[in-house]
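Below: one structure, written as structure tokens.
The values are calculated or read from the model by the stated rules, or taken from the named source; none is laboratory data. In this text the structure is predicted, and so the values were computed from the model without any measurement. Every residue, glycine among them, receives a Cβ derived from its backbone with ideal geometry; neighbour counts consider all protein chains shown.
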Amino acid sequence: MRRLILASLVLLVTVPVAASAQAPVSSEIAITSAGDQLRGTLLVPARTARGAEPVLMLAGSGATDRNGNNIQVSAQPYRLLANALAARGITTLRVDKRGIGGSAAGGHREEELRVQMFADDANAWAAELRRRTRARCVWLLGHSEGTMHALLAAQTSRDLCGLILLSPAGRRIGDVLRAQLRGNPANAPLLSEALHDLDELEAGRRVSGEGMNPALLQIFRPSVQPFMISLLAVDPPALARAWRGRILIVNGTTDLQTPVADARALAAARPGIVLRVIEGMNHVLKLAPAEFNANFATYGNPDLPLAPELVDAVTGFILSGQRLPR
């Protein structure tokens, strides 16, 4: 049966991940952002590659944790990517979004959440990562909805090497949601109601949850509507045009949630943006067939490796040169 998938954000203790002196060192760290404590994992390679500035990884939509897992995903794509980058000599910091995992204590009431809060958290984490590593700048690597957090954060940050946007939305999220809703035949019974509610939220108007189809409450429940209204206002191509630093966009041809057309649209926002399309890579950054059930099966497989070209693309971009002047 097809499932509805929507597009998707103080040193405590240091624990070596292995006894070998050549293994990367993993540390649990925490910061305070907007008065709330947030936590993440810093992974430092045994030897840093020449010119390798550190990378802050920003999670996708919903209750996605620092490893890339949520209610539908247990494939650990962010943990695997952090390990792969460490093997190439690149430090990473992957973090739990406020309200999730180790940052659960930093959760506001759902009604209070806005997308800009996640961008502000990203800037707070970036400042801490730069301070800890004494780096001249840090990279923001966003995945799915995390690409919007990265683009928003970049508008007010001065210490970024560049942006790495994996599986990004190349349109306003309302257009992405409409395409996903229309593209799944299982949504036919609720499509009219869903599109009406989406139109209202996009116009900045809340809708009543009374009598709402239970399947729609997952994304349009009254408590999440203020956040949805803030998210629907984000224009990714406009943000990419406004920020003049280096940007790499990576998308896979078997991505069930963000098609290659979105990546191409975002890359066309201005000259100088680099686009890499990886044949057979899906939304959890692994090689998978286009067929829905086989593709979705990879979402629950943490033992399946990442698409090899992804690691090559990210590493090559990080090591390829200096950041552009602002």
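Of the numbered criteria (1) more than 27 Å from K286 (Cβ to Cβ); (2) surrounded by 17 or more Cβ atoms within 10 Å (Cβ to Cβ), the one R109 fails is (2).
The residues of the stretch 240-259 that are outside any loop (DSSP other than H, G, I, E, B) and under 8 Å from S167 (Cα atoms), listed by number, are I249, V250, N251, G252. Applying the condition of being buried (at least 23 other Cβ atoms within 10 Å of the Cβ) and among the β-branched types (V, I, T) to the stretch 125-172 and asking which residue is farthest from V44 (Cα to Cα) yields T147.
For the stretch 113-166, enumerate the residues that are within 25 Å of D255 (Cα to Cα) and part of a loop (DSSP other than H, G, I, E, B). Within the stretch 113-166, just S144 meets the criteria.
Check the stretch 216-233 and report whether any residue there is part of a loop (DSSP other than H, G, I, E, B) and out of contact with any strand residue (DSSP E or B) (no Cβ under 7 Å at 6 or more places or on another chain).
yes
Could you check the stretch 27-64 and list, in sequence order, the residues that are over 18 Å from T133 (Cβ atoms), part of a strand (DSSP E or B) and among the polar types (S, T, N, Q)? Matches in the stretch 27-64: T32, S33, Q37. Screening T32, T91 for residues that are surrounded by 23 or more Cβ atoms within 10 Å (Cβ to Cβ) and among the polar types (S, T, N, Q) leaves exactly one candidate, T91. Answer yes if at least one residue in the stretch 283-294 is in a helix (DSSP H, G or I), under 28 Å from N184 (Cα atoms), among the hydrophobic types (A, V, I, L, M, F, W, C) and modelled with pLDDT under 95, and no otherwise. Looking through the stretch 283-294, at least one residue is in a helix (DSSP H, G or I), under 28 Å from N184 (Cα atoms), among the hydrophobic types (A, V, I, L, M, F, W, C) and modelled with pLDDT under 95. In the stretch 239-253, of all residues being under 18 Å from the mean Cα position of the chain (by Cα) and among the small types (G, A, S), the one that is surrounded by the fewest Cβ atoms within 10 Å (Cβ to Cβ) corresponds to A240. Out of all the residues in the stretch 202-215, which are touching a Leu at 6+ places or on another chain (Cβ under 6 Å) and either aromatic (F, W, Y) or under 19 Å from D175 (Cα atoms) (or both)? Hit for the stretch 202-215 is E202, nothing else.
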